[in-house]
Amino acid sequence: MSDFKEIFDLIRRERVVLVIGAGFSLKAGMPTCSKVCDAIRAALPDDIKNSEEDMRDFSGNDLQQISNNFIDVWGQTGRNRLIQSIKSLFDIAHDADLSNHEALSKIPHISKIHTTNYDTLLEYVYKDECYVIKQDKDFRDIPKGKTIILKPHGDFENPDSIIISRSDYDGWFKGDRLEMLWQELERDAVSNNILFMGYSFSDSNFQYLLKRIKEKLNGSTHQHYLVAPDWQASKVRRLEPYRIKYYNGTGETFFRELTEYLKKYIIRDCAKKITSPETCERFNRVHNNTTEITVRPDNDNIIRVKPLNGAHEQMKFTVIGDKAHLINESRMTELVKSPITGLLMPTITLKADKGEFKNCSCTLNGIELSTSEIAQIQIQPSTSEGVCQIKIPALHFNEKLKYIFYTVHKQCIVHCIDSELYLLKIETTYNEETNMFSSTFTFEFKEDFPSLGRARTLMKLPVAVQSGLKFSIAGLKAPSTIDMPSRKPDDPNKWSNEPMQCYLNLLEIIEDCGGKFNTYPCFSLENLECAMYLVAYLKKVSVPFVNHKPLYIKFSVVDSEYENKPEMIVGQDYGFCETFSENRIEFAGNEWHIPTRITWYSKCTILKNIVDDEGKRHIEMCDNGCAGGFYLGANKNQKLLPNKRQLKTVALIQDAMRFIGKFPFT
């Protein structure tokens, strides 16, 4: 556990205001106090520098007093000469080590910084992410969402604001200069925990400030902190009257450990409302993640983290029991849809409620995600993407298609080639006994497709696989090329692309007859049957069928209402026709209204023919499975046989009936 834990936990809660001094900027090449004093001495008049007695007033490194004496020597021009003598010392070198300032800029939990430094290193590093207050007028219209930097000692952009001489300090403490800056510093020391960095604490300014606050609050002040390397015990004891706790450490160590500590807790702190959503978003952004936060008034916030500019993900956990053996042997027993590729992929699922894993931690670009609610872990092969080129010379097919590649260790390599119509999965395995590779081709047709023309083009590949045509696939990973020689066609009973081609033909007829499609519905036997009925309606042809099971029909008639009706003798066979009106078919988001449907039962045997006391005849008959047909949109006078121009449509409908198993054509 870090030595800084106490102050780290306060920073997590955004309760710390930072006060930084000259020591914080030394690493970046800014001058020490003695170097500033040397520059002032070098700017004295020659007669003063040549006088040992006069130079006694400029001995030592009391910057405030030396500055005061310098101004007295030069009179009215003294202050301007003083500023010019030291200004160049605070220029930022092109190779300046700004690591501490940059580390600080990535800690949005510290949103307020007071600095007595004249340099502009903070502004240089924070850029547009900060707002600087150097004068009282700058308190007007403070923007939200930026780090506030307060400079009570001013800087060289406004030389009159610089506090450097003894007279400047006296006026500042009396409130004669920059009164609001002084009051803001005092308020922050009262209401927050102050962290001092880069301070020797030998100056009297903050000693005076904290002593004054302690007196006002009757000793009830916040705990404050100071980080500095290797102080002597006697020097540390001087902090006790001011309630300042000393941490022995460098800024580099402090920020490195603080960053790692915040990464560990930032997500759960925001979820539990310890850290604000704005701070969580800024922290994640500077560490290459983007955060989507749903703020909930009563319960915990909901946080989703996504990587920016790539991602470094790391997950650690311990697998227990039988699942450990499955992982070691790469035996993935399930197929689960991957959230990355959208493919069904071999998977091993570990469940927390069954105790199948423990000690789980997950980080995204170093940010530790909450692990307390992880119910299960799914392990799938890693994937890569590429583009392959498929050529079928006999069909003039030459297409470039994207693919996803993965391997299952010691089992197979898999290429999933994606197209608008289908996903082709090529699974290649190695047989040690025969020393041969073998590949299986599986076509998974999509839910819809955008173009009939593209569908017909892409169907050439299933045709080639089915028909045994020569084709090649280049640009794959392991192996780079698959070159399939000519071979015997597959057994149509084993697998056939004919139903899909029949379906495309039916869709084309529907479109030619005025049907509108935004996208074309996927191929399935249900959609094939629906398209078949629509084509029959639009082309006004019959749809043959066979009742494979006896169909019993009952109805009642009044003899006087029907002239020339057959006697319907029990035991004899008759043809029978039914008419229905206002039928509807829903397909591809459209509703088709079919005014009439006629169903013809070709051979019905009369089972009962009884007249009741009221003269109504009740008939029961049975169709024993003979051929009949639907006539969609027809009228009672329509011929039962189609004309010659309809024969192609009839043949197409017969194919569709065969594929869906409704009619046993041979």
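The values are calculated or read from the model by the stated rules, or taken from the named source; none is laboratory data. Since we're looking at a predicted model, the values are computed, not measured. Please note: Cβ atoms are built from the backbone with ideal geometry, for glycine as well, and neighbour counts cover all protein chains shown.
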#### Entry: Criterion (surrounded by fewer than 18 Cβ atoms within 10 Å (Cβ to Cβ), outside the structural domain of F156 (by TED's automatic domain parsing), outside any strand (DSSP E or B) and β-branched (V, I, T)) met by exactly one of I11, I7, I83
I83
### Query
Looking only at segment 6-33, which residues are within 38 Å of the chain's Cα centre (by Cα) and free of Cβ contacts under 8 Å to residues at least 12 places away in the same chain?
D9
### Query
Considering segment 374-403 alone, what residues qualify as being farther than 14 Å from I473 by Cβ and aliphatic (A, V, I, L, M)?
I374, A375, I377, I379, A394, L395
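Specify the residue that is surrounded by the most Cβ atoms within 10 Å (Cβ to Cβ); the eligible residues are those in segment 34-51 that are among the basic types (K, R) and in contact (Cβ under 8 Å) with a residue 24 or more places away in the chain. It would help to see each step written out before you state the result.
Start the filter on segment 34-51 by keeping residues that are among the basic types (K, R), which leaves 35, 41, 49.
Still in the running and in contact (Cβ under 8 Å) with a residue 24 or more places away in the chain: 35, 41.
Values: K35: 12, R41: 16.
Selected residue: R41.
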### Message
When you scan segment 198-220, do you find a residue that is at pLDDT 85 or above and either in a helix (DSSP H, G or I) or under 19 Å from H109 (Cα atoms) (or both), even just one?
### Response
no
### Query
All but one of (1) assigned to a strand (DSSP E or B); (2) in contact with a helix residue (DSSP H, G or I) (Cβ under 7 Å, 6 or more places away or on another chain) hold for E586; which doesn't?
(2)
## Note on the structure
With the first residue restricted to segment 281-295 and required to be within 11 Å of I266 (Cα to Cα), and the second required to be crowded, with 16+ Cβ neighbours inside 10 Å and of a type in the set (G, A, S), Cβ contacts under 6 Å at 6 or more apart or on different chains are none
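Of the residues N68, N80, N61, N117, which is at pLDDT below 95, touching a strand residue (DSSP E or B) at 6+ places or on another chain (Cβ under 8 Å) and farther than 25 Å from V286 by Cα?
Details: N68 fails: touching a strand residue (DSSP E or B) at 6+ places or on another chain (Cβ under 8 Å); N80 fails: touching a strand residue (DSSP E or B) at 6+ places or on another chain (Cβ under 8 Å); N61 fails: touching a strand residue (DSSP E or B) at 6+ places or on another chain (Cβ under 8 Å).
Only one candidate qualifies: N117.
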### Message
So if I check each of I327, I374, which one is outside the structural domain of N288 (by TED's automatic domain parsing) and farther than 26 Å from T291 by Cβ?
### Response
I327
